[in-house]
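Here's the structure we're looking at; comments come further down.
The values are calculated or read from the model by the stated rules, or taken from the named source; none is laboratory data. Note that the coordinates shown come from a computational prediction; the quantities given were computed from them, not determined experimentally. Here the Cβ positions follow ideal geometry from the backbone for every residue, glycine too, while neighbour counts run over all protein chains shown.
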């Protein structure tokens, strides 16, 4: 039964997943190509110098990409469930409703990570070939909360999409927006290093929000 | 006879608006029961409560002996649900949706589904969101037949269907339910379909049940009485006479009381020339609930 839910989710997200994978790899590849060009023109020592002197990380254009990928994935996965209330079909399946929703969220989160991981690997492979360990780690640590924001955006959007009433959806959306800002607060690279364990725990708790929407849906809340 | 569906003292409000209070009904095993009511009388509310998608303000419902809302998923496997508008996963095609559902039901009858699908003029890979309402209804019905549940809960199965698809749906469903001893609880806004399909009916008015009885008995007992009356005639209150109306000097009134009693009551009001006729289910429904 769990595999059947995976199958349903795959049908919904497959084209978006492919697009997200291409975008994720494409943007990371582009950022690395830009860096490679700068390295070939000015030399790696100059890049090192700029990173140390000006706190540059050279992948700024990737900052909001995971966020949008996470948001988009939740939209293509959960909005079709709410169209004409077909979520009722899912809840009528002979499986616990919380299990069904948890499986859907877990599948989506894993598929989102599969779009992030190749991009992170591309960055890792190239950066560690031209930069000192402290410098490439500096870039990847700086990007870590962006990817965490992508997961958070996915869970928040799922929460909002599964909410049965429009008024509450707007409220939940505002709360989600305010919360998402936490992932993008300090401009200083690596500012989140000490905060990351807590941010990770909080992000991994966010699927519980969808259970609130599930409860409200099953109680028959409507506009 | 064992009751497959039992609802006791159901009360529900939307905000402060009372939908119904202390509603009680049962559906015995092997019966097809149709819930009839005007718009806003609580048909979909009742279906939503029965399907576990609405918590009533008070009261409780049981299907197959289990309280709805705390139902074991295994019990849900024995219940087929048709959502209003024949909603199915729009993003799947007929092969994908069959493959998906078959994983949940051990007794899945693939051939029953594809037998019905063979009647549709759709390509196997055509997505459900590109099908007509009639085609979607057949997909939804085919999935229920393949699931082979003990109990079927169908919300407004005729919504959006043309007469051909309605007839196909009704004939298939009745044949299936009767041959397999299924229990069916359904609503429809097209009452002629109900007449062909249901054994028992519940007719609801705002906030209450007017009658719950076998359709045969209702149609046997209910009569429409007409008489020519003078301008300004108004029928006085009489027990068991429903919704009298006068249109162009013709009085029309419905009753389930024995004919001789009704004639006697009307005679007391000066109506001696009274015609009585049998009614169909739609007329009986109008007779009980009124035209407006």
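Applying the criterion of at least 1 residues that are over 20 Å from the mean Cα position of the chain (by Cα) to the helices (runs of 4 or more DSSP H) found wholly in segment A:127-223 leaves A:133-162, A:166-180, A:207-218.
Scanning segment A:42-81 for residues being at pLDDT 90 or above and farther than 27 Å from residue A:152 by Cβ gives a total of 0. Reported count of residues in segment B:112-122, each being farther than 22 Å from residue A:89 by Cα and in contact with a helix residue (DSSP H, G or I) (Cβ under 9 Å, 6 or more places away or on another chain), is 5.
Could you say whether any residue in segment B:57-65 is more than 8 Å from chain A (Cβ to nearest Cβ), within 21 Å of residue B:140 (Cα to Cα), crowded, with 22+ Cβ neighbours inside 10 Å and touching a residue at least 40 places away in the same chain (Cβ under 8 Å)? Checked against the condition, which is being more than 8 Å from chain A (Cβ to nearest Cβ), within 21 Å of residue B:140 (Cα to Cα), crowded, with 22+ Cβ neighbours inside 10 Å and touching a residue at least 40 places away in the same chain (Cβ under 8 Å), segment B:57-65 yields no hits at all.
Among the residues of segment B:215-227, not a single one is more than 16 Å from the chain's Cα centre (by Cα), without any contact (Cβ under 8 Å) to a residue 12 or more places away in the chain and crowded, with 18+ Cβ neighbours inside 10 Å.
Being touching a residue at least 60 places away in the same chain (Cβ under 8 Å) and closer than 25 Å to residue A:215 by Cβ is a condition met by no residue of segment B:28-36. Among the residues of segment B:27-56, those identified as away from every other protein chain (no Cβ under 14 Å) and not in a strand (DSSP E or B) are B:29, B:30, B:31, B:38, B:39, B:40, B:41, B:43. Of the candidates B:140, B:227, B:146, B:177, the single residue that is in a helix (DSSP H, G or I), in contact with a helix residue (DSSP H, G or I) (Cβ under 8 Å, 6 or more places away or on another chain) and farther than 19 Å from residue B:38 by Cβ is B:146. Just a yes or no: is a residue in segment B:275-289 in a strand (DSSP E or B) and more than 27 Å from residue B:212 (Cα to Cα)? Scanning segment B:275-289, I find no residue that is in a strand (DSSP E or B) and more than 27 Å from residue B:212 (Cα to Cα), so the answer is no.
Residues checked against (1) farther than 18 Å from residue A:5 by Cβ; (2) modelled with pLDDT under 95; (3) within 23 Å of the chain's Cα centre (by Cα); (4) away from chain B (no Cβ under 13 Å):
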residue	(1), (2), (3), (4)
A:95	no, yes, no, no
A:102	no, no, yes, yes
A:109	no, no, yes, yes
A:112	no, no, yes, yes
A:124	yes, yes, yes, yes
